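Below is one structure, written out as structure tokens; comments come after it.
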Amino acid sequence: VIVDAELRGRKVSVRLADRLVAELGDDVSPRPGDDVIDARGGALVPGLHDHHVHLRAALAAAGSVRLGPPEVTGPDELRRRLAKSASQARPWEWVRGVGYHESVSGLPDRWMLDEIAHHVPVRIQHRSGALWMLNSRGVDLLGLADVVDEAVERDQSGRPTGRIWRGDHLLRRADAPRDMDAGEFGVTEASYGVTGFTDASADNSDAHFRWIVDSTESGSLRTRVHVMRPIGSPLVRSGLVSTGPVKVLLDDQALPGLDELADIVAGAHGEGRKVAVHCVTRAQIVLTVAALKAAGSSGGDRIEHGSVVPRAIDRELLSLGAVVVTQPNFVDERGDRYLVEVDEEDLADLYRCGSLLEAGVSVAAGTDAPFGGADPWAAMRAAVERRTRAGSPLGCGERVAAMRALELFLGEADRPERQRTISPGAAADLCLLSAPLEAVLGDLSAEAVRMTIVGGSPVHGE
Ligand SMILES: [Zn+2]
């Protein structure tokens, strides 16, 4: 029983039983043998759900060296950091760089990386997640010379250059998922009041799904995980883990035809699933909206990122019932670079939030961790302030009120546009804050999270 909590401005007590909210009101009092949590007037809100993260990448990033802005901004610092990590690695250990951006030193190939580190395998991930750059030792270890795969970039004589485009599947052999502890990420998330997250990777395999289920069954991972998976994957709901929408990656260099994309959408719907289409450019979202229309959407299909959403299609997004799953944190984390690099027309439509909501379009948020920072409260602040790290305003018309920013993380896993509420019969996934809601909304800091409860059990806090 949680006593003396503030819920929507009311003082209430809440009884949790059988993983659910059982009773709620001002007349609920503890019985002998009940565990009692005194909220001391702090607000109780539904546990946050981060609608877009990459679990495996987040775990790997924890053991990686950051090689991009703001920590690394030029070739000298790149060389220094990479050489240092390589000198500390054992010969068979991969050195893994993350967060790279071409503003540091172009797009290094294997030969350039060999000059910095040649005795250990090196792989560096572009911060977009779409490109890996390997040194020769890494190329050899993965046997790329003999791999027939268009993800492997080759020079004119057919040798792999070390660049792998959208080829995460080729790097599986470099990762040892069995050695990763999925619970580590759950602990991080729970510290932010997050009770569930959606793993938005496009290539989540059966083995990956099994690994997550095993991690929850062993008790190491204690938050809910909604897992995007390719079309044809079985619909599973197992304890804390559930099958999510069909993730569709788009790439402007190789866009599918309208019919092809519409077929995928229809196929997903036929499986009783939604689609989650990666849309970071104008062309991608226009194509996606056309495909959703052609396939017929009954609502809940997702636009991931929605980096550029032209206002002319707001009406169509609304009538399709589509949800834009945005990353407000990018305004803070990447905004200064956007102001330099993104052309004027796109800047006006960049990571829209407030104006989409005003147009009636559903919007939810995910941090895109580890490509974005994992703290959803930082994302909420960015949604409210719309300022870059250096303090420049970016899309002031997209600002939202603090409560609306919080609500971006309060949707259902499978229907991010539907707000969860704390009411009898709802899952006991809760975030207990250390102060009344109005005070917490004033600074939107993760420090206000006092306790995180998943299925009635505390997973973070006293
Ligand atoms: Zn992502």
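Run through the DSSP bridge list for the chain and note the antiparallel percent, rounded to the nearest 5. Before the final figure, lay out each step's value.
Numbers: 34 of 70 bridges.
About 50 percent, rounded to the nearest 5.
Is it possible to state the helix-based mean residue ellipticity at 222 nm for the chain, with each DSSP H run of 4+ residues giving -39500 (n - 2.57), the sum divided by total residues, to the nearest 500 deg cm²/dmol? What is it? Show your work: numbers first, answer last.
Working: 17 runs with 144 residues, N = 462.
Counting only the DSSP helices, I get -8500 deg cm²/dmol.
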Item to check | Spacing of the two label points (7 Å from each Cα toward its C-beta) at residue 118 and residue 35, in nm | outcome: 5.8 nm
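Treating the beta-carbon of each Lys and Arg as +1 and of each Asp and Glu as -1, no other charges, what is the dipole magnitude of the chain about its Cα centre, to the nearest 20 debye? The partial results should precede the final answer.
Details: 52 positive and 68 negative charges, 76 e Å.
My answer is approximately 360 debye.
What are the chymotrypsin sites (Phe, Trp or Tyr not before Pro) within the range 280-364 that DSSP puts in a loop, where the Cβ has at most 15 other Cβ atoms within 10 Å? Could the numbers behind the result be given before it?
Values: sites: 330, 338, 351; in loops: 351.
Passing sites in the range 280-364 do not exist.
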Item to check | Computed magnitude of the charge dipole of the range 106-231 (debye, nearest 20; Cβ of K, R +1, Cβ of D, E -1) | outcome: 120 debye
Checklist entry - Among the aspartates and glutamates, which fall within straight-line cross-link reach of residue 84, defined as a Cα-Cα distance under 20 Å, with same-chain neighbours fewer than 8 residues apart omitted? => result 71, 76, 93, 109, 114, 115
Next on the checklist: I need the peptides 401-407, 219-225 ranked by packing, meaning the mean over residues of other C-beta atoms within 10 angstrom, with the highest value on top.
Outcome noted: 219-225, 401-407
Item to check | Selection of GluC sites (Glu not before Pro), the range 67-96, meeting DSSP coil and at most 16 other Cβ within 10 Å | outcome: 71, 93
Next on the checklist: Quick check: residue separation of residue 159 and residue 173 times 0.36 nm, minus the Cα distance between them. What number comes out in nm?
Outcome noted: 3.0 nm
Checklist entry - Using alpha carbon coordinates only, what is the Rg to Rh ratio of the range 266-323, with Rh defined as the Kirkwood radius? => result 0.93
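Looking at the P(r) of the chain, how many percent of alpha-carbon pairs lie beyond 27 Å?
Working: 60164 of 106491 pairs.
Result: 56 percent of Cα pairs exceed 27 Å.
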Next on the checklist: On the principal axes of its Cα set, how long, how wide and how thick is the range 197-330? Give whole Å, largest value first.
Outcome noted: 49, 34, 29
Item to check | All lysines inside 17 Å of residue 274 as judged from Cα atoms, apart from same-chain residues fewer than 8 positions distant | outcome: 247, 293
Item to check | FRET E, pair residue 462, residue 10, Förster distance 22 Å, beta-carbon r, rounded to 0.05 | outcome: 0.40
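Tell me the chymotrypsin sites (Phe, Trp or Tyr not before Pro) within the range 57-115 that lie in a loop according to DSSP and have at most 11 other beta-carbon atoms within 10 Å.
Details: sites: 92, 94, 100, 111; in loops: 92, 94.
Sparse-neighbourhood loop chymotrypsin sites (Phe, Trp or Tyr not before Pro): 92.
Since every read-out is calculated from the coordinates, none of them should be taken as a lab result. Quick caveat, the model's predicted, so the values are computed rather than measured. For neighbour counting, all protein chains shown are included, and Cβ atoms are generated from backbone atoms with ideal geometry for every residue, glycine included.
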